[in-house]
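Asker: Would you mind keeping the following structure in view while I ask a few things?
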Amino acid sequence: MSVRARNNVTEHGSPEAQPMLFAHGFGCDQNMWRFVHPRFEDDYRVVLFDHVGAGGSDLSAYDAERYSSLQGYAEDVLEICRELDLRDVVFVGHSVSAMIGVLAAAVEPDRFARLILVGPSPRYINDEGYVGGFGREDIEGLLDSMDSNYLGWSSQMAPVIMGNSDRPELGEELTNSFCRTDPEIARRFARVTFMSDNREDLAKVDVPSLVLQCSDDAIAPEAVGRYVEREMPDARLVMLNAVGHCPNLSAPEETADAIEEFLRG
Amino acid sequence: MRVEEELLEPSAEDLFENAPCGYLSTTLDGLVLKVNRTFEDWTGHQREGLLGKKRFSDLLAPGGRIYHETHYAPLLRMQGEAREIALEILRADGSRLPVLVNSVVVDGPEGEPQVIRTTIFDASDRRRYEEELLRARRREQEIAQKLQRSMLAGELPSATDFEVGVGYRPAERELDIGGDWYDAFWLSDDRVGLVVGDVVGRGIEAAAAMGQLRSAIRALASTGLPPAALLEALDGYSGCHEVGGMATVVYAELDRSLRELRFACAGHLPPVLVQPGEDPCLIWEGRSPPLDACAKNSRRAEASCSLEPGSLVLLYTDGVVERRGETIDAGMERLLEAVRAHRTEPPTSLASTLLRALGGGEHDDACLLAASVA
């Protein structure tokens, strides 16, 4: 199976230009970038993809062992780069994918020109001398939330998620049609994401990096963004007025402006 | 009379404040702009403490807050509405109110999204019921798993000149636990019965059917029936008791003193034979349709082959070779490739080595039995 199909890779913009690779975070798919990536299509080869288990990815490619840590997802990013022969890559990662980008750049630093980390967190759970924002029990609470939300629609959704075309009418019935994920995989991705601790990887990556920090981000608070800026050898933090964890959706203009300015600099 | 009028034609304000559901309006960033009395009553939060001060996500338990930020808020931004989202609101007294939430984004006069309107329904009873359903589902999975494992446990036959090893990997997705099984038992001092089978279906039913077939084969084997005749008798059992129809089974008798393997495959994948100094091969003989799928009283095929000292035989289920989006031939070739790479290992470790090397297994059980003669 090709990497393109596995990760539902889509391309826009100028094929000959410098590549810009957008990676979505936990809870959604490449739709996350729909208000941001058009801005870069004139000047970049825009590449989007879905992590295995999300959106239009090939669910049968899900391998519990490979994806039991963020490293497996970072491997996927590198495989996409190799398959599409992307060099001098501007990597834009939201949420957990910010750290996935850091891990990929630690393996192949020469492949990346810039990293743009939107709401990054190297560790979500509080530790001695470190405030991640959450306790372990909160993550269990998240899994419960996911369970209650999948309960109503998992069996209905399953054929759609699996790309089963013999019941096309289901596609129209779906009330929440974006960001479909396979419930079982989403649960595991939640665990891998929120139990991850990649603080030590930050220092390994000296690719020029931009940390985009939202005000009042419940998932990745400002202190965490500052931590990332401090620990990475060549990172700078830009504070956004946008509130919440998804400035790519709530403030796409401001987000794209900040990225553009960083890339010009 | 005035009261009656009020009831029959209530004011908009009354409809809003005392609606049988909670109402909450926020800015796009979630800052609370307005709540109704029902919301205050249900949650114990007073509007003075909320309006312009709290965000909707501040009212959620931490786990739900993550869910809100990573699922709910993005959905709302992208499609302008979200429906039937299950959340828990933290009441003023710290207790939790399970709710179902619908939201719409309302545009301002310029057509720009401006406000999020949310209705909140008390879902306490529903949530309890859902939890019961979830518990029941998990319990069923556990029972199926235990049932299956208890039937796969037990000591395997071994002797100085004969070894058998097994590998078993349940489907990673718990719902998909199927009815794969293996079995190995002494028939006499020199002969062992080897079985690998796969029952149609999933969960408890499949595990139970598998258990019945397994016992039936043991009972029939003890009467001395040779492989094809044993499967014919098993057809009768399966048809008569309506159990295990369309199951696939391979039954083999290995005679360690004659160094002979006699076997019959009912719709099952062909055994792999590894003779010393030769390339591993598939044995496409002794084949007939799956259980209870033959015409009445039709005869099943049987085949035999002699085993050189140091030979190895592998029986396995489709979960070992099948991968989505790939032909079965490609899967069998991968199995042969893995056997070439690991053939020197003793059967006791070989079976699990092969399962590991072949990977996969998200959606199906995989079961592999390896037997060798010295």
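Asker: For segment B:89-140, which GluC sites (Glu not before Pro) pass both filters: DSSP loop (anything but H, G, I, E, B) and at most 16 other C-beta atoms within 10 Å? Walk me through the numbers before you get to the answer.
Answerer: Numbers: sites: B:Glu110, B:Glu130, B:Glu131, B:Glu132, B:Glu140; in loops: B:Glu110.
When the GluC sites (Glu not before Pro) of segment B:89-140 are filtered for loop state and at most 16 Cβ neighbours within 10 Å, B:Glu110 remain.
Asker: Subtracting the Cα-Cα distance from 0.36 nm times the residue separation, let me have the gained length for B:Glu155 to B:Thr348 in nm, one decimal.
Answerer: Working: separation 193, 0.36 × 193 = 69.48 nm, distance 1.22 nm.
Result: 68.3 nm gained on full extension.
Asker: Using only the alpha-carbon atoms, what does segment B:144-238 span along each of its principal axes? Please give whole angstrom values in decreasing order.
Answerer: Projected onto the principal axes, the Cα atoms of segment B:144-238 cover 41, 34, 16 Å.
Asker: Between A:Lys204 and A:Ser2, what length in nm is gained on full extension when 0.36 nm per residue of separation is reduced by their alpha carbon distance? Spell out each step's value before the answer.
Answerer: Values: separation 202, 0.36 × 202 = 72.72 nm, distance 3.03 nm.
That pair, A:Lys204 and A:Ser2, stretches by 69.7 nm at full extension.
Asker: Order by neighbour count: B:Cys305, B:Cys281, B:Cys240, fewest other Cβ atoms within 10 Å first, most last.
Answerer: Least to most surrounded, the residues fall as B:Cys240, B:Cys281, B:Cys305.
Asker: Another question, if that's okay. So what is the relative contact order for segment B:232-374, in percent, with contacts set as C-alpha pairs under 8 Å and at least six apart? Kindly include the intermediate steps, with their values, before the conclusion.
Answerer: Details: 247 pairs, mean separation 33.4, N = 143.
Over segment B:232-374, the number comes to 23 percent.
Asker: Taking B:Lys34 as the anchor, which aspartates and glutamates have their alpha carbon closer than 18 Å to its alpha carbon, excluding any fewer than eight residues away along the same chain?
Answerer: Reachable aspartates and glutamates: B:Glu13, B:Asp14, B:Glu17, B:Glu48, B:Asp58, B:Asp107.
Asker: Go from 0 up to the bin containing the longest alpha carbon distance in segment B:243-330, width 5 Å each, and give me the % of pairs per bin.
Answerer: Result returned by the calculation: 3, 13, 21, 21, 19, 13, 8, 3, 0.
Asker: Loop only by DSSP, 15 or fewer other Cβ within 10 Å of the Cβ. Give me the GluC sites (Glu not before Pro) in segment B:261-319 that pass, ordered by residue number. Don't skip to the end; give the middle numbers.
Answerer: Values: sites: B:Glu278, B:Glu285, B:Glu302; in loops: B:Glu278, B:Glu285, B:Glu302.
Answer in residue order: B:Glu278, B:Glu285.
Asker: Could you please rank A:Val207, A:Val228, placing first whichever residue has the fewest other Cβ atoms within 10 Å of its Cβ? All intermediate terms of the calculation are to be shown ahead of the outcome.
Answerer: Details: A:Val207 21, A:Val228 24.
Neighbour counts put them in this order, fewest first: A:Val207, A:Val228.
Asker: Near the amide H of B:Ala366, under 5 Å away, which other amide H atoms are found, from residues 5 or more places off or on another chain, if H is placed in the peptide plane?
Answerer: Answer set, sorted by chain and number: B:Arg169, B:Ala171.
Asker: Here's a follow-up. Over segment B:19-103, what per residue volume does the convex hull of the Cα atoms give, in whole Å³?
Answerer: Measuring per residue, one finds 87 Å³ for the Cα hull of segment B:19-103.
Asker: Using a Förster distance of 56 angstrom, determine the FRET efficiency expected from the C-beta separation of B:Leu187 and A:Asp127, and round it to 0.05.
Answerer: Working: r = 60 Å, r/R0 = 1.07.
My answer for the efficiency is 0.40.
Asker: For A:Glu16 paired with A:Glu83, estimate the spin-label separation in nm (one decimal), with each label point 7 Å from Cα along the Cα-to-Cβ line.
Answerer: 2.6
Asker: Which three extents, in angstrom, do the Cα atoms of chain B have along their principal axes, listed largest first?
Answerer: Answer, in whole Å and largest first: 101, 45, 37 Å.
Asker: Now for a different question. Test of understanding: express the Cα radius of gyration of segment A:3-264 as a ratio to 2.2 N^0.38 Å, with N the residue count.
Answerer: Scaled against compact globular proteins, the figure is 0.96.
Asker: In a Debye calculation with equal point scatterers on the alpha-carbon sites of segment A:1-98 and no solvent, what is log10 I(q)/I(0) at q = 0.13, 0.16, 0.24 Å⁻¹?
Answerer: The Debye formula, applied to the Cα set alone, gives -0.40, -0.61, -1.38.
Asker: Hey, how much of the P(r) for segment B:154-373 falls beyond 20 Å, as a percent of Cα pairs? Kindly include the intermediate steps, with their values, before the conclusion.
Answerer: Numbers: 13285 of 24090 pairs.
Every Cα pair in segment B:154-373 considered, those over 20 Å come to 55 percent.
Asker: For A:Glu260 and A:Glu75 in the same chain, what is the full-extension length gain: residue separation times 0.36 nm, less their Cα-Cα distance, in nm? Numbers along the way, then the final one.
Answerer: Values: separation 185, 0.36 × 185 = 66.60 nm, distance 2.70 nm.
Between A:Glu260 and A:Glu75, full extension yields 63.9 nm more.
Asker: Comparing A:Ala190, A:Ala98, A:Ala218, which has the greatest mean-square fluctuation in the GNM of chain A with Cα pairs linked when under 10 Å apart?
Answerer: A:Ala218
Asker: Sticking with this one: Quick one: if you take sqrt(5λ) for each eigenvalue of the C-alpha gyration tensor of segment B:45-188, what semi-axes come out, biggest first, whole angstrom? All intermediate terms of the calculation are to be shown ahead of the outcome.
Answerer: Values: eigenvalues 588, 64, 31 Å².
Calculated on Cα positions only, the semi-axes equal 54, 18, 13 Å.
Asker: Under a point spin-label approximation (7 Å from Cα along Cα-to-Cβ), what is the B:Cys281-A:Asp43 distance to one decimal in nm?
Answerer: Distance between label points: 6.6 nm.
Asker: In 20 Å bins starting at zero, report the fraction of Cα pairs in the protein assembly as shown per bin as a rounded %.
Answerer: 17, 40, 29, 13, 1, 0
Asker: Under 17 Å Cα to Cα from B:Lys296, which aspartates and glutamates show up? Leave out anything in the same chain fewer than 8 places away.
Answerer: B:Glu232, B:Asp235, B:Glu242
Each reported figure results from applying straightforward, stated rules to the coordinates on display, with no laboratory input. Since the model is a prediction, treat every value here as computed from it, not as a measurement. Backbone-built Cβ (ideal geometry, glycine too); neighbour counts: all protein chains shown.
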